[in-house]
1. Rounded to the nearest 500 deg cm²/dmol, what is the calculated helix-only ellipticity per residue at 222 nm for the chain, with -39500 (n - 2.57) per DSSP H run of length n ≥ 4?
2. If you project the alpha carbons of the range 56-121 onto their three principal axes, what span does each projection cover, largest first, in Å?
3. In whole Å and largest first, what semi-axes does the C-alpha gyration tensor of the range 161-289 yield when each eigenvalue is scaled by 5 and square-rooted?
4. What's the FRET efficiency of Asp290 with Asp118 using the Cβ-Cβ distance as r and R₀ = 56 Å, to the nearest 0.05?
5. Near the amide H of Arg235, under 5 Å away, which other amide H atoms are found, from residues 5 or more places off or on another chain, if H is placed in the peptide plane?
6. Within a Cβ distance under 15 Å of Lys252, other residues only, what is the Lys/Arg minus Asp/Glu net charge?
7. Magnitude of the Cβ-charge dipole of the chain, K/R +1 and D/E -1, about the Cα centre, nearest 20 debye?
8. Summarise the long-distance tail of P(r) for the range 163-219 by giving the % of C-alpha pairs beyond 20 Å.
Amino acid sequence: MLRKGLKIALLAAALPICLLGSLGSAGADETCLSPYTASLIKGQEKYLQVWTLGEKGVGDESDKLVTIDVDPSSKTYGKVVNALSVGGRGEAHHLGFTDDRKFIWAGRLDDNKIFIFDVGTDPARPKLVNTITDFDKKTGYVGPHTFYALPGRMLVGALSNQADHGGVTGLATYSNAGEYLSSHPLPVDNGGDGYGYDIGINPAKNALLTSSFAGWNNYMMDFGALVKDADAMKRFGATMVLWNLKSMKPSKVFSVPGAPLEIRWSLKDGDNWAITATALTSQLWLVKKDEKGEWIAKDVASIGDPAKIPLPVDISISADAKTLWVNTFLDGTTRLFDISNPEKPVQVYEKRTGAQVNMVSQSWDGKRIYITTSLLANWDKKGADNEQFLKAYDWNGKELVEKFEVDFHKEKLGRAHHMKFTGGPLSSTGYPAGETNPGSGAL
C-alpha cells in the first residue's frame, strides 16, 4: 500500500487526473508473450491490434479492436485500416494470443465480457467469432485481465471477485474454443493476500508466477477520489506467488510491496529469472533462485524518483535480456534500463513521450518500439492531458526516433490501451508455411 508520505506526494503533484528456450529462432514480434506462442511470425510485423476503450462523446463510444498498418513498405503505413466495435463500454483492457496465434482473447474489467477475435485468417480485418458472457458466473471472479496461452488452452487471470468486488481473486482455464474448464484461487494464507494481476510462465522450471494489483472497488474508482480515500489506498496487492505449473498449486508467496504489475521472464537460454515493477513504490524486483536453490524476490532498483510517484505501469524486456523498457504513467516518461546484470539494473536513457503513457511493446529485434496511453478510464488524466495515441518509434541504440502517431481522439476511436502484433495470413496449422509449434508440448 502507499505510505502516508507517498499519498501526500501524489496529491501534491496537482495533476489534472485528480518466451523461453525455443524462442531463440523467433522473428520480429513483441517479447512479452506466453512461451507457448513460440513460433512467431518472421520478419517485419505487419499490423498492430489495439484494444481500445470506448469514450463518451468520441465516435461510436464503443470498445473496439483497432488495426493499424505498421509495415513501412505499405501504402497505408501508420494508418488505421480497420476498427471493429464490440458494443458498449466495459473497461476494455488486455489482450492475449491463443497458442496457435490464430485468435486473440480480449477482456473487459467492468462487465467481465471476453471477446475472441480471429486474427489469423485476415489480420487486416479481424472477425469477432465468440463472446464469453458468463465468466463471473462460471468462476466467481470478475475483471478478466490477463490472457495467457497454454497448450490448447487459455489461462485467464482475474482482478476481483463477485462476492464483494474486492481484490481476492484467482485464475481460470478455458479451452481455446472458449469452454470453461477450471478455477484456481489465489492464496490467502502463508503470506498470501489473494490479489492477482499478471501471469508469467517458465516451463523449464515448471514455474508460474503471478503478481497483484487491486479489485473492482479500486480500479473503477475515480483516481482523484482514490488517492484521498485512506481505506482504498490500503487495498492494493503486495505479493507475488510462485505456482507449480503442472499441478496449478501455489508453492510460495513472496512479499513484494507496492502492487507488482507486469512479469517478464528472461528470454535468454539458460536464464531462470523474472523481473517486475511495483506501481506504487516505483521499484524493479527480481525473482530468481538464490545460492541455496531457493526462489526469492528482491528489490534491485528504483524507477525515477519514487517520492514523486512516477507510477510505472508497463515493462518490455529485450530478447537478449540485456535491456528493459519501462513506461511511467504520471510523468509520461519512457525509460530504458541496462539489465545485463539483473541484480543491478541501471537506467541508461529516458524520453518524455506524452502527457500520459501506459503500454510499451518492442519488436523481437528491439529496433521498433510502440507506445499507447490509456491506463483505466477513471484513472486517465483530464483535459488537454487526456492524450490518447499510438506512437511508433525506431530505436537506433541511442535515441527513440518517432516514425508515426495515430491520434485516437482525432480518429474518433477512444482510449488506446493494450496491443499485439499480427502478420500475414497463417497456414492451416496457425503458423507460417512449413512451421509447427515447438512450444506446445504437453505440460
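The values are calculated or read from the model by the stated rules, or taken from the named source; none is laboratory data. Keep in mind it's a predicted model, so treat the numbers as computed, not measured. All Cβ positions, glycine included, derive from the backbone under ideal geometry; neighbour counts span all protein chains shown. Note: accessible area is taken over every heavy atom of the protein model, side chains too, but ligands, DNA and RNA are not part of it. Shrake-Rupley method; radii C 1.70, N 1.55, O 1.52, S 1.80 Å.
1. Details: 4 runs with 24 residues, N = 443.
Theoretical 222 nm ellipticity from helices: -1000 deg cm²/dmol.
2. Taking max minus min along each principal axis of the Cα atoms, the range 56-121 gives 39, 35, 16 Å.
3. Working: eigenvalues 127, 74, 32 Å².
After diagonalising the Cα gyration tensor, the semi-axes are 25, 19, 13 Å.
4. Numbers: r = 45 Å, r/R0 = 0.80.
Approximately 0.80, to the nearest 0.05.
5. For Arg235, no residues qualify.
6. On the way: positive: Lys205, Lys249, Lys288, Lys289, Lys292, Lys298; negative: Asp189, Asp193, Asp290, Glu294.
For residues surrounding Lys252, the net value is +2.
7. Details: 49 positive and 51 negative charges, 46 e Å.
Rounded to the nearest 20 debye, it is 220 debye.
8. Numbers: 572 of 1596 pairs.
Counting every Cα pair in the range 163-219, those more than 20 Å apart make up 36 percent.
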